[in-house]
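Take a look at the structure set out below.
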Amino acid sequence: MNRPFVGSLAVLIVAAGYFVLARVQEARVPDAEEWSRAAQEVRSRWEADDWVLFSPAWAHAGAPWLAGLPMDIAEKTDWYEASKHPRVFVVASAPERSPTPPEGWRVLETIPLDRVTVHLWAPPEGETLAWDGRRHLEAARVSRGLGPQQVPCDTFRNGRWHCGAPHPWQNVGLIDRDIDGRVREVIWAHARDQGEPLEIAWQDLPEARRLTVHWGLTQRAVEQDTGSPVVAEVLLGDRVVARQTLDIHESGWFRHDIPLTGHEGRSFRIRITARRNQDRQFCFTADLWR
């Protein structure tokens, strides 16, 4: 058999293989009818405060059929945030139609369709979200250091606390920002300058067994060579119960779990300081669990 013929035959075989593989892959991809069926299954079972995720991430191609329902279409699932919901629907397609639930999560129902499987999961038992600081920002007391005193920031406008005249970025407010590999809904609390502390405090909160705080710097902040490290603290009364120094290039969404006893947690403060505040875009969330 001559070499040109063998070479041509090999090319044809490879091409045929790719063609077959493409057809197989295409046969596994859900079409509009399949996404619509999956959405109907979710909507028929929907209850208040449910949540929708997708497996794998590209399966959020089905999101338009679930329009109007709260969902997470980020490439990286935040299972902590998902656990705040009593039930989570996982809309799954090949090659991850049978994802494994995180540790402690419970499988409530599995609905297989032709090219999509709808899973209904519930977070671990034993804990319930009692309070989410993002939903109670207007009730916060925000203040800044001025010499030895803390001066109230008493201008609340368009969902943001300002210390004096409204400022485009020197404020405390709800925002979506890219932190540690995904866009998160967070409380923006840009550090102030000259080591002047910025404090966000809440009072008269529900009793709980644990306070969980997450914080970190935005992606833009960690990419800059400006400013100085940010020191973040959680205080119960005058007692510091969590403290972390974030270097100017330190990426992460850092979690701090603080056990509470008695009436602890009915009030707490977040304090942020930096010697030089250029690009020190600090963000956080705070939750109480009972």
- Query: Do we have S143 as over 24 Å from W289 (Cα atoms) and outside any loop (DSSP other than H, G, I, E, B) here?
  - Reply: yes
- Exclusive hit being loosely packed, with under 12 Cβ neighbours inside 10 Å, assigned by TED's automatic domain parsing to the domain that holds W105 and modelled with pLDDT of 95 or more, set A38, A48: A48
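Just one of R184, R157 is touching a residue at least 60 places away in the same chain (Cβ under 8 Å) and either over 25 Å from D72 (Cβ atoms) or out of contact with any Gly (no Cβ under 8 Å at 6 or more places or on another chain) (or both); which is it?
The unique qualifying residue is R184.
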- Item | Test for W65: is it surrounded by 12 or more Cβ atoms within 10 Å (Cβ to Cβ) and under 24 Å from A48 (Cα atoms) | yes
- Task: Go through region 103-126 and give me each residue that's assigned to a strand (DSSP E or B), within 23 Å of E34 (Cα to Cα) and not aromatic (F, W, Y).
- Result: V107, L108, E109, T110, I111, P112, V116, T117, V118, H119, L120
- For T100, are the conditions met, namely being part of a loop (DSSP other than H, G, I, E, B) and crowded, with 18+ Cβ neighbours inside 10 Å? no
- Query: Are there any pairs, at least 6 apart or on different chains, whose C-beta atoms fall under 6 Å, with the first in region 264-290 and among the aliphatic types (A, V, I, L, M) and the second at pLDDT 95 or above and assigned to a loop (DSSP other than H, G, I, E, B), and if so, which?
  - Reply: I272/A191; A274/A191; A274/S228; A274/R280; L288/A208
- Item | Residue count, region 238-290 (criterion: at pLDDT 95 or above, among the small types (G, A, S) and over 20 Å from E81 (Cβ atoms)) | 2
- Could you say which residue among D180, D154 is acidic (D, E) and either on the phi > 0 side of the Ramachandran plot or modelled with pLDDT of 95 or more (or both)? D180
- Reported set for region 133-163 where residues are surrounded by 12 or more Cβ atoms within 10 Å (Cβ to Cβ), among the small types (G, A, S) and more than 28 Å from the chain's Cα centre (by Cα) is G145
- If you take the residues of region 218-232 that are of a type outside the set (A, V, I, L, M) and free of Cβ contacts under 8 Å to residues at least 40 places away in the same chain, which of them is surrounded by the fewest Cβ atoms within 10 Å (Cβ to Cβ)? D225
- Message: For region 200-253, give me each residue that is touching a strand residue (DSSP E or B) at 6+ places or on another chain (Cβ under 7 Å), of a type in the set (V, I, T) and within 15 Å of R275 (Cβ to Cβ).
- Response: V230, V231, T245
- Checklist (1) more than 20 Å from the chain's Cα centre (by Cα); (2) within 21 Å of A32 (Cβ to Cβ) applied to V91, failing item: (1)
- Counting only residues that are within 20 Å of D31 (Cβ to Cβ) and either free of Cβ contacts under 8 Å to residues at least 24 places away in the same chain or not acidic (D, E) (or both), region 91-123 contains a total of 13
- So which pairs qualify, if the first residue must be in region 192-204 and in the same structural domain as R141 (by TED's automatic domain parsing), the second must be in a loop (DSSP other than H, G, I, E, B), the Cβ gap must be under 6 Å, and the two must be at least 6 apart or on different chains? R192/N277; D193/N277; G195/R275; L198/R192; I200/A140; W202/A140; Q203/S267
- Examine region 86-102 for a residue that is closer than 28 Å to L217 by Cα and either not assigned by TED's automatic domain parsing to the domain that holds A59 or not aromatic (F, W, Y) (or both), and state whether such a residue exists. yes
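The values are calculated or read from the model by the stated rules, or taken from the named source; none is laboratory data. Quick caveat: nothing in here was measured; it's all calculated off a predicted structure. Please note: Cβ atoms are built from the backbone with ideal geometry, for glycine as well, and neighbour counts cover all protein chains shown.
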